[in-house]
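**Student:** Let me begin by handing over the structure; questions about it come next.
What follows is calculated from the coordinates using simple rules that are stated; it is not laboratory data. These numbers come from a predicted model, not from an experiment. Reconstructed Cβ throughout: ideal geometry from the backbone, glycine too, with neighbour counts over all protein chains shown.
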Amino acid sequence: MNEGLLVILLLFLPLVTFVVNRLFIGKKWPVLSGYLATLILIITTLLSVVLAWQYYFEYGKINGTYALFIPIDEPWLSFSNSLSINFTILVDALSVMMVLVVNIVSLMVHIFSLAYMKGEDRYGYYYAYLGLFTFAMLGLVLSGNIFELFIFWELVGISSYLLIGFYYTKPEAVAAAKKAFIVTRFADFGFLIGILLLGSLSNQFDIVQMVGSLTSQQTLTQGAGTSFIGLSALTWACLLLFMGAAGKSAMFPLHIWLPDAMEGPTPVSALIHAATMVVAGVFLIARFFPIFQLDGTVLTIVGIVGAFTAFFAAIIACTQTDIKRVLAFSTISQIGYMMLALGVDDNILNPHLGYTAALFHLFTHAFFKSLLFLCAGAIIHAVHTNNMLEMGGLRKLLPVTHIGFLVGCLAIAGVPPFSGFFSKEAILFAAYQQHKWLYAVALVTAFITSFYMFRLYFSIFWNKPVKNEHTHEGNWLIKLPLLILIALVIVTGFIPFGNFISANGKPLLLPMHIGFSVIPVLLALLGIVYAAILYFKESNVPASLENSFGLVYSTVKHKFYIDELYQFITHKIIFNGIGNASAWIDKQVIDKLVNVSAGITFSFSIAIKKLQSGKVQQYLLIFIVGILCLFVLFLV
């Protein structure tokens, strides 16, 4: 199949789902809309598999290096002969991998939702919004123009807003949708300024040409020579791009929207908040990685923010009792790992190891985290609660879900031979070689991750006798996606990922040292054992430990009161302080100045309106008087 046609089909087919379901059949035939959307996603996924096979094994590699192709480059908005915004499709190793991930996870969510969302109001609209989101994500990863990427970036935000707030009758869901939208908009404002800076420095919006221009010596010197507050224009541009990435990927301190976004349907969490939308920030850094490499300071900031976020979110996850919120903070932590890997990429011994390790973890995380979220959906569907304290003993009643959740927990904990072990080891090895203290943070975080995930696992499937013997797992539509994802989690770690994805397109061997892996694996097993001691059987030990930590535990459980701090800043300072002061100035100063101006104008018009009486005699008299005055002035 022609490459351009193939890409156009897999890009726009999900949009067809949105249009057809939203405008035509979503309300009248909701069940049909679900099966139609799923059928279209099956076709789209098969097309993405064909694209990946053709690219990686047939035409993608040229002279031993994976090349990039631009099958579509159509003018859209032209500003000058050298500056324009085109609709450009960029096919390279990174975009092909992302297309594969987005479509596979989206398909699993579509199939799972056929049973999970059955009977819901606006069922057809739900599938329409899934189609819109999938289209937006595919457009984002295939964009070859930075403004085109930004448009799809914002479309991802809009579609996620619709999905998070799907239960619009629940105030919590509406608030969560607004929170996600507003927080990411602040970050996207920085992203937009970064785009304009990069465009100004390179005089390009085409991503390939922009990267080529900015990495050239002449442009690099120009960008480094222009400074603001001691930082070059290029550094500011990279920092602002990272700001946009941090917002979308929920990095500290812009992480606050993600846990609340769990108010959306659980399958949505598997799609948006585990495998696709939240990794868009990681993808953005990877897409412009040659530019980020020019400034070691920016990469160091990326690594530090990633490491802190990974540790910070893992600590909070240990105290949460809502099953979806535990997984939400786990997602934040794991994406912190990816950012950490990108930040430690500047390695002499293993160049670009961090880049490949980060994307490898993105790839494996997509499958084991979507597996965990879909298992959480199956659990909630069965027991009708999100609170893990109200669960227990479900392993026999939900056998497939139990195996899936266990496999996902082992993968995220980094236990071999599951996929998370291989990608996390690559990140740890990159950090160890470049920044020992970041490696130490990542190592401690790995132990905490193992503990809180198995705290969750034992609390759900063991701990206490099951309360409802009539709990059932659901039909094959629930089980099939779980079985497929279980297989992917087991298999994907053995893929020689570095042969396909690297910063320079050349094959990269990801190192695997048995001796190096001993400590991380032992820490993971130690976390599992510690969780088993506390939560395998019901006891008072966890509660007594919580009480012994007192204020510290309460602070962590309330997420270090960061939400309350933002609430205080926005309501007490911005709204009540700055907002009220601005409102007073607007009403008492600006409005009164406008009213005074209007009053003066009105009084003046009253005074002079008699001059426009419409009487010719009066006009003639004024004309004669004026002539006489001019004559006198002329004589004088």
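**Student:** Just subtract the alpha-carbon distance of Val444 and Lys170 from 0.36 nm times their residue separation and send over the number in nm, one decimal. Can you show the working numbers first?
**Tutor:** Working: separation 274, 0.36 × 274 = 98.64 nm, distance 3.83 nm.
Stretched out fully, the Val444 to Lys170 stretch lengthens by 94.8 nm.
**Student:** Using the structure shown, select from Lys27/Lys559; Lys118/Lys557; Lys178/Lys464; Lys248/Lys557; Lys324/Lys396; Lys27/Lys396 the pairs with a Cα to Cα distance greater than 30 angstrom.
**Tutor:** Numbers: Lys27/Lys559 40 Å; Lys118/Lys557 34 Å; Lys178/Lys464 38 Å; Lys248/Lys557 24 Å; Lys324/Lys396 22 Å; Lys27/Lys396 39 Å.
The answer is Lys27/Lys559; Lys118/Lys557; Lys178/Lys464; Lys27/Lys396.
**Student:** Could I ask something else about it? Of Leu633, Gln588, Gln617, which is farthest along the charge dipole of the stretch 563-635 in the positive direction, counting Lys and Arg as +1 and Asp and Glu as -1 at C-beta?
**Tutor:** Most positive-ward Cα: Gln617.
**Student:** Length gain on complete extension for the stretch Ile229 to Ser80, per 0.36 nm per residue less the alpha carbon to alpha carbon distance? Mind dumping the intermediate values first?
**Tutor:** Details: separation 149, 0.36 × 149 = 53.64 nm, distance 3.17 nm.
The span from Ile229 to Ser80 would gain 50.5 nm if fully extended.
**Student:** Given the C-alpha centroids of the stretch 125-146 and the stretch 497-513, what is the distance between them in whole angstrom?
**Tutor:** 28
**Student:** Here's a follow-up. Can you compute the FRET efficiency between Trp584 and Ile562 using 1/(1 + (r/R0)^6), with r the Cβ-Cβ distance and R0 = 22 Å? Round to the nearest 0.05. Display every interim value, and only then the final one.
**Tutor:** Working: r = 30 Å, r/R0 = 1.38.
Efficiency for this residue pair is about 0.15.
**Student:** Calculated FRET efficiency, Lys506 and Ile151, Cβ-Cβ r, R0 35 Å, to nearest 0.05?
**Tutor:** Details: r = 32 Å, r/R0 = 0.92.
For R0 = 35 Å, the calculated efficiency reads 0.65.
**Student:** If you place +1 on the Cβ of every Lys and Arg and -1 on the Cβ of every Asp and Glu, how big does the dipole about the Cα centre of the chain come out, in debye to the nearest 20? Present the calculation step by step, with values, prior to reporting the outcome.
**Tutor:** Details: 33 positive and 28 negative charges, 255 e Å.
It comes to approximately 1220 debye.
**Student:** Ok, one more. Between Thr300 and Phe536, what is the label-to-label distance in nm when each label sits 7 Å out along the Cα-to-Cβ direction?
**Tutor:** 4.6
**Student:** Sort 373-382, 511-520, 127-136, 621-630 by packing, meaning the average of other beta carbons within 10 Å per residue, with the highest value first. Spell out each step's value before the answer.
**Tutor:** On the way: 373-382: 26.0, 511-520: 12.9, 127-136: 27.6, 621-630: 10.2.
Highest to lowest by the protection proxy: 127-136, 373-382, 511-520, 621-630.
**Student:** Residues in the stretch 1-41, backbone N under 12 Å from the label point at Ala67 (7 Å along the Cα-to-beta-carbon vector): list them, ranges by number please.
**Tutor:** Within reach of a label on Ala67: no residues.
**Student:** Let me ask something additional. Of the peptides 80-93, 178-191, 301-314, 532-545, how do they stack up when ordered by the mean number of other Cβ atoms within 10 Å, highest first? Present the calculation step by step, with values, prior to reporting the outcome.
**Tutor:** Values: 80-93: 17.3, 178-191: 18.9, 301-314: 24.1, 532-545: 13.5.
The most tightly packed comes first, giving 301-314, 178-191, 80-93, 532-545.
**Student:** Continuing with this model, one more query. At q = 0.18 Å⁻¹, work out log10 I(q)/I(0) for the stretch 351-557 with the Debye formula, treating every Cα as an identical point scatterer and leaving solvent out; two decimals please.
**Tutor:** These q points yield log10 I(q)/I(0) values of -1.23.
**Student:** Any idea which of Ser232, Gly599, Ala128 is furthest toward the positive side of the dipole for the chain, if Lys and Arg beta-carbons carry +1 and Asp and Glu beta-carbons -1?
**Tutor:** Highest projection toward the positive end goes to Gly599.
**Student:** Could you order the peptides 197-208, 398-409 from most to least packed, using the average number of other C-beta atoms within 10 Å per residue? Please list the in-between numbers first.
**Tutor:** Values: 197-208: 20.2, 398-409: 22.2.
Output ranking for 197-208, 398-409: 398-409, 197-208.
**Student:** Given R₀ = 25 Å, what would the calculated FRET efficiency be for Lys396 paired with Val529, taking r from the Cβ atoms and rounding to 0.05? Working shown, then result.
**Tutor:** On the way: r = 23 Å, r/R0 = 0.93.
Efficiency at R0 = 25 Å is approximately 0.60.
**Student:** Also, I was wondering about something else. Could you tell me the center-to-center distance, by alpha carbons, between the stretch 324-346 and the stretch 428-442 in angstrom?
**Tutor:** 14
**Student:** Could you give the nm distance between label points at Lys28 and Ile574, where each point is 7 Å from its Cα heading toward the beta carbon?
**Tutor:** About 4.5 nm separates the two model spin labels.
**Student:** Continuing with the same structure: Can you list the lysines whose alpha carbon sits under 18 Å from that of Lys506, skipping same-chain ones fewer than 8 residues off?
**Tutor:** Reachable lysines: Lys61.
**Student:** Expressed in nm to one decimal, what extension gain is obtained for the pair Ser200 and His384 from 0.36 nm per residue of sequence separation less their Cα-Cα distance? Could you put the intermediate results ahead of the total?
**Tutor:** On the way: separation 184, 0.36 × 184 = 66.24 nm, distance 5.38 nm.
Taking Ser200 through His384 to full extension adds about 60.9 nm, to one decimal.
**Student:** Another one. Placing +1 on the Cβ of each Lys and Arg and -1 on the Cβ of each Asp and Glu in the chain, which of Ala411, Phe87, Leu480 has its Cα farthest towards the positive end of the resulting dipole?
**Tutor:** About the Cα centre, the residue reaching furthest to the positive side is Leu480.
**Student:** Could you give the Stokes-Einstein D for the stretch 563-635 in µm² per second, using the C-alpha Kirkwood radius, 10 °C, 1.306 mPa s? Can you show the working numbers first?
**Tutor:** Details: Rh = 17.3 Å.
So the translational diffusion coefficient is about 92 µm²/s.
**Student:** Quick one: check the C-alpha center-to-center distance for the stretch 63-92 versus the stretch 544-578, whole angstrom.
**Tutor:** Centre-to-centre (Cα) distance: 47 Å.
**Student:** Could you calculate, for the chain, the ratio of the Cα radius of gyration to the Kirkwood radius, expressed as Rg to Rh? Intermediate results must be reported in sequence, preceding the final value.
**Tutor:** Working: Rg = 29.4 Å, Rh = 26.6 Å.
We get a ratio of 1.11 for the chain.
**Student:** Follow-up question, since we're still on this one. Would you kindly give the portion of the calculated P(r) for the stretch 273-430 that falls above 29 Å, as a percent of all Cα pairs? The partial results should precede the final answer.
**Tutor:** Numbers: 2734 of 12403 pairs.
Value for the stretch 273-430: 22 percent of Cα pairs lie more than 29 Å apart.
**Student:** Beyond a 31 Å Cα-Cα separation, which of these cross-linked pairs lie in this structure: Lys479/Lys537; Lys179/Lys436; Lys170/Lys479? Don't skip to the end; give the middle numbers.
**Tutor:** Working: Lys479/Lys537 28 Å; Lys179/Lys436 37 Å; Lys170/Lys479 29 Å.
As for pairs spanning more than 31 Å Cα to Cα, those are Lys179/Lys436.
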